[in-house]
Every structure is written in structure tokens, then in C-alpha cells.
Ligand code: NAD
């Protein structure tokens with residue numbers, strides 16, 4: 001770590017609590033100013049951000065803009081545009097038994113929140129939640145992933161320059177060491193965690209000790225389904241982009257593809273054609289194809305290559321942490337690749353002949369983070385949406401739902417808890433505080449004892 005890194009210290013967190021309690025962060029003008037500051041500094045550091053993402057993941061500028069700083073700027077702009085509207089107390093209806101009261105929902109910040117991010121989209125997975133936390137009027141502690149150190153460093157620099165340390169603070173270090181220390185020595189008002197299921201589970205347990213609410217953005221095996229009536233070439237293009245962006249290290253990437261047997265061969269031919277079109281005959285030379293984050297992940301991924309027949313790809317280079325975009329067929333029964341989240345550039349293709357067969361495969365890994373269905377038949381769309389529990393999804397598309405800030409993004413069950421993006425980030429970092437106001441000029445005796453034979457009236461008023 002360099003000079004700009006911040007280490008964990010309990011008094012620094014107490015200073016944040018005091019700052020929050022001063023009430024400064026609740027004003028509209030303050031929140032707006034902080035969002036503008038964040039926007040300005042992200043633009044100012046654009047080149048350093050590209051450099052950091054290239055160092056950590058060999059990402060191109062275009063890919064970085066589309067998936068990191070561009071996405072973040074869109075979120076900040078949305079928050080800036082809607083902040084006043086989101087913050088306004090919302091009048092809502094009042095039921096019969098409470099009339100003539102009026103009801104209003106106030107949106108209050110949660111307090112000092114803790115945001116923890118993984119390494120795969122290390123900038124936006126930390127700063128998009130931050131934009132929501134700022135919009136909602138919170139103080140925030142940020143924990144970037146130690147596995148993307150160049151990005152962690154630039155985030156630390158940006159945050160230190162943009163914000164007072166008692167308002168937004170970066171804490172660096174080994175997650176397994178520093179995160180439990182922080183949670184056990186300071187009561188956060190919310191923990192927003194993005195990362196793996198096992199660590200998510202442990203954070204949920206730690207948070208439960210002090211009843212700290214959590215948002216968990218986890219992973220899982222997200223299926224893509226190609227029906228016989230799908231547009232095969234378009235499906236192949238969209239799946240290749242969604243799977244191989246960031247060398248497959250995307251939580252919502254199609255993990256594997258179930259293809260109707262009638263179009264199985266055609267789809268595989270289209271995949272091969274598309275891969276060549278996107279990354280050339282040697283993807284290692286492509287500016288648009290990334291690398292694996294570290295050797296540990298590389299080793300896991302290389303083992304998967306032996307669990308089926310390689311249709312295309314399969315080349316690896318340990319020195320460079322390179323694994324070619326790979327398509328696997330004839331997966332061996334009970335293979336690890338069909339039980340673990342792949343999180344790399346290897347795409348298993350499985351044929352199916354009817355929906356029950358495909359459902360049986362999907363249900364072995366329940367609650368996927370995402371589902372992608374490719375079909376031209378509305379009844380098939382409806383079938384898959386109704387019969388699979390998943391976080392978010394697309395029809396005839398993949399991964400782009402993440403970039404639509406008008407819809408919530410999050411998992412369900414095994415893939416997470418809670419959601420964010422756009423207004424949903426604001427809501428996640430706010431407490432919806434309802435207040436009912438009742439005039440004093442009307443106080444019917446029916447609500448007070450002695451109740452006697454009032455049951456008949458209760459039944460009319462309350463139900
Ligand atoms: P990870 O769980 O190893 O690490 C995430 C964060 O937790 C890091 O900041 C790390 O420092 C910290 N951490 C690590 N071990 C810890 C411990 N024992 N206690 C407390 N904190 C700890 O996750 P990862 O490998 O960086 O990310 C990959 C996973 O994240 C995949 O499963 C992927 O699907 C998931 N993911 C989900 C989303 C989403 O939006 N749902 C987005 C990206 C990644």
C-alpha cells in the first residue's frame with residue numbers, strides 16, 4: 001500500500017458518527033454538492049482510472065468506460081436529476097378506520113454505512129452504491145478489493161481528495177482481516193456487500209450480532225436458454241458479449257447455455273463465428289479481451305477445461321494469466337463446472353429437448369442472479385419468467401439490464417438480498433419513515449372502551 005491508503009482506526013469511524021449526527025449530510029444542497037464533486041473528480045481522473053483497470057484486468061478503455069466510469073457517471077447524473085423529487089416527503093392514502101388522518105412518508109438517511117466491493121468491476125461496484133448513499137444523505141466507509149490493488153489505490157486517492165475523511169472514507173487491507181475488525185468494533189447503520197456467497201454469509205452473520213441491516217449482492221450460476229424459435233445469430237452475439245466481457249469475470253454473465261436440440265449445432269456454429277468476429281483468430285492479441293485476475297483463479301478455471309469437449313478456445317498462458325474464450329460441450333456428469341460459479345471465459349453448452357429437462361438443470365443451482373431467455377414466442381417468455389426464481393433478467397439480451405438505472409438490480413435467495421441502481425439505490429440507503437397526522441376535532445368514541453357491542457362496527461371499519 002502507498003501513502004494515500006487508509007488503514008482501519010476505530011476513532012476515525014467515531015468521527016464519522018459525530019459528523020453524521022451533526023445533521024450536515026441531510027441537506028439537499030450538501031448532497032447535491034457532494035454528487036457534483038464525485039462527478040467532477042471521476043471525469044478529472046478518467047485516464048488514471050483506465051490505467052488502473054488495465055493494470056488490474058487488462059481492460060480496454062472502451063470496456064472500462066462502458067462498465068465502470070461511464071456507468072457510474074450515468075448513476076450520478078440520474079441522482080442529480082432526481083434528487084429533489086426523491087427526497088420530498090411523499091403523501092399517501094389513509095384507510096377508513098384512520099380517517100380523517102393524513103399520511104406522509106419521509107425518507108431519512110440510515111447513518112454511517114459500510115460498502116464492500118469485489119475485484120471484478122472494482123470501481124463501479126464500490127462507487128455506484130456510494131452515489132446512492134450520498135444521495136440518501138449518509139456517511140460512507142468504502143472497502144475496495146485488495147485483489148484489484150491499482151483500482152483500490154486510485155479510488156483511495158479520488159475519495160481522499162474529494163471528501164472530508166469524516167464524511168466518506170476508504171479503508172484498505174485484507175478483507176478477511178479488516179472487515180470483521182470493523183464490524184465488531186463499530187456499529188454501522190447498514191452494510192452493503194457485493195461479492196461471493198460464502199463471504200456474504202459470514203458478513204450477514206457478523207451484522208446480525210448488532211441487528212445491522214444488510215444488502216447482499218452475491219453471485220451464482222446464471223443460465224441462458226436458447227429456444228428453437230430464437231434468432232440464433234443475434235443470440236450468439238449477445239451471449240458472447242455478455243459472457244466474454246472482462247474475460248468472463250462478471251457476476252451476471254451467462255454462466256452456461258441451455259440450447260434447444262433443434263438449433264444446437266447452428267448455435268455452436270454461430271458462437272464460433274461470433275468469437276472470431278469479436279476477438280480475431282488469436283484473442284490474445286485482441287485489445288478487447290481481458291485477463292484473469294490472479295493465479296489462484298487461473299488454476300481453478302484451467303481445471304474446468306478438462307470437464308468437457310473443447311469446441312473452440314482452450315489455449316492458456318499462465319505467465320499472462322490468459323485463457324482463450326472457450327466453448328465446452330459434452331460436459332461430464334457431476335462436473336465441478338456445473339456446480340460452481342465459473343466466473344471466467346469458459347462457456348458450457350448443454351442441449352435440451354423439453355422445458356422440464358432444462359428446468360432440472362437450472363434447479364440444481366437455485367435462485368440464479370440472472371436469467372436470459374432467447375425466444376420469439378411470448379408464451380415461452382412467460383413460462384420461464386414464471387417458473388424460475390431469479391434476481392434480474394433479459395429476453396433476447398444478456399447483461400445489459402445492469403446498465404438500466406430505471407430498474408432495480410439485485411439477487412434473490414442464494415444470489416442476494418436487496419437491490420439498487422437509480423431510485424432503488426436511494427431507497428436502499430434510506431429509511432422510509434411513515435408519519436400519520438390526526439386532527440383533534442374528530443375523536444369517535446367507537447375507538448375507545450368500553451367496547452360493548454362495537455364489534456359489528458369494527459368489522460366494517462377495519463377490514
Ligand atoms: P469476495 O467475497 O472474495 O470479496 C469481496 C469483498 O469482501 C472484498 O472487498 C474482500 O476484501 C472482502 N472479503 C474477502 N474475504 C472476506 C472475509 N472473510 N470477511 C469479510 N470480508 C472479506 O468476492 P470476490 O472474489 O472479490 O468477487 C467474486 C464474487 O462476487 C462472485 O461470486 C461474483 O458473482 C460476485 N459478484 C456479485 C456481484 C453482484 O452485483 N451481485 C457483482 C460482482 C461480483
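The values are calculated or read from the model by the stated rules, or taken from the named source; none is laboratory data. Quick caveat: nothing in here was measured; it's all calculated off a predicted structure. Note that we place each Cβ from the backbone using ideal geometry, even for glycine, and neighbour counts take in every protein chain shown.
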- Message: Going residue by residue through the stretch 328-350, is there one that turns out to be touching a residue at least 40 places away in the same chain (Cβ under 8 Å), over 26 Å from residue 280 (Cβ atoms), in contact with a strand residue (DSSP E or B) (Cβ under 6 Å, 6 or more places away or on another chain) and part of a strand (DSSP E or B)?
- Response: yes
- Query: Only one residue in 457, 384 is touching a residue at least 12 places away in the same chain (Cβ under 8 Å) and not in a strand (DSSP E or B), so which one is that?
  - Reply: 384
- Message: Residues that are out of contact with any helix residue (DSSP H, G or I) (no Cβ under 7 Å at 6 or more places or on another chain) and farther than 26 Å from residue 152 by Cβ: list the strands (runs of 3 or more DSSP E) wholly contained in the stretch 51-140 that include at least 2 such residues.
- Response: 90-92, 102-109
- Task: Please tell me if residue 293 is touching a strand residue (DSSP E or B) at 6+ places or on another chain (Cβ under 7 Å) and in the same structural domain as residue 393 (by TED's automatic domain parsing).
- Result: no
- With respect to residue 77, determine if the residue is within 19 Å of the chain's Cα centre (by Cα) and either under 30 Å from residue 24 (Cα atoms) or touching a residue at least 12 places away in the same chain (Cβ under 8 Å) (or both). yes
- Restricting the stretch 399-408 to residues that are outside any helix (DSSP H, G or I) and within 15 Å of the ligand (Cβ to nearest atom), the residue that is nearest to residue 356 (Cα to Cα): 399
- Message: For a quick check of your reading of the model, give me the residue pairs whose first member lies in the stretch 129-143 and is not assigned by TED's automatic domain parsing to the domain that holds residue 187, whose second is surrounded by fewer than 24 Cβ atoms within 10 Å (Cβ to Cβ), with beta-carbon atoms closer than 9 Å and at least 6 apart or on different chains.
- Response: none
- Task: Might you check whether a residue that is in contact (Cβ under 8 Å) with a residue 12 or more places away in the chain and within 23 Å of the chain's Cα centre (by Cα) occurs anywhere in the stretch 158-167?
- Result: yes
- Note on the structure: Of those in the stretch 239-253 that are away from the ligand (no atom under 14 Å from the Cβ) and under 20 Å from the mean Cα position of the chain (by Cα), the residue nearest to residue 387 (Cα to Cα) is 239
- Could you list, in sequence order, all residues of the stretch 429-447 that are modelled with pLDDT of 95 or more and in contact with a helix residue (DSSP H, G or I) (Cβ under 6 Å, 6 or more places away or on another chain)? 429
- Message: Need the failing condition index for residue 70 against (1) over 19 Å from the mean Cα position of the chain (by Cα); (2) free of Cβ contacts under 8 Å to residues at least 40 places away in the same chain; (3) over 27 Å from residue 21 (Cα atoms), just the number.
- Response: (1)
- Task: Go through the stretch 39-50 and give me each residue that's in contact with a helix residue (DSSP H, G or I) (Cβ under 6 Å, 6 or more places away or on another chain) and within 26 Å of residue 401 (Cα to Cα).
- Result: 39, 42, 49, 50
- Top-ranked residue in the stretch 279-299 [being assigned to a helix (DSSP H, G or I) and touching a residue at least 40 places away in the same chain (Cβ under 8 Å); ranked as nearest to the ligand (Cβ to nearest atom)]: 297
- Message: What pairs come out if I take residues in the stretch 181-197 that are surrounded by fewer than 18 Cβ atoms within 10 Å (Cβ to Cβ) and pair them with residues that are not in a loop (DSSP other than H, G, I, E, B) whose C-beta lies under 6 Å away, six or more apart or interchain?
- Response: 185/10
- Message: Step by step: first the residues of the stretch 409-454, then only those that are under 12 Å from the mean Cα position of the chain (by Cα) and assigned to a strand (DSSP E or B), then the one that is farthest from residue 340 (Cα to Cα). Which residue is that?
- Response: 420
- Could you check, for the stretch 428-437, whether at least one of its residues is touching a residue at least 12 places away in the same chain (Cβ under 8 Å) and either within 15 Å of the ligand (Cβ to nearest atom) or farther than 30 Å from residue 97 by Cβ (or both)? yes
- Could you pull out the residue among 360, 398 that is assigned by TED's automatic domain parsing to the domain that holds residue 309 and surrounded by fewer than 19 Cβ atoms within 10 Å (Cβ to Cβ)? 360
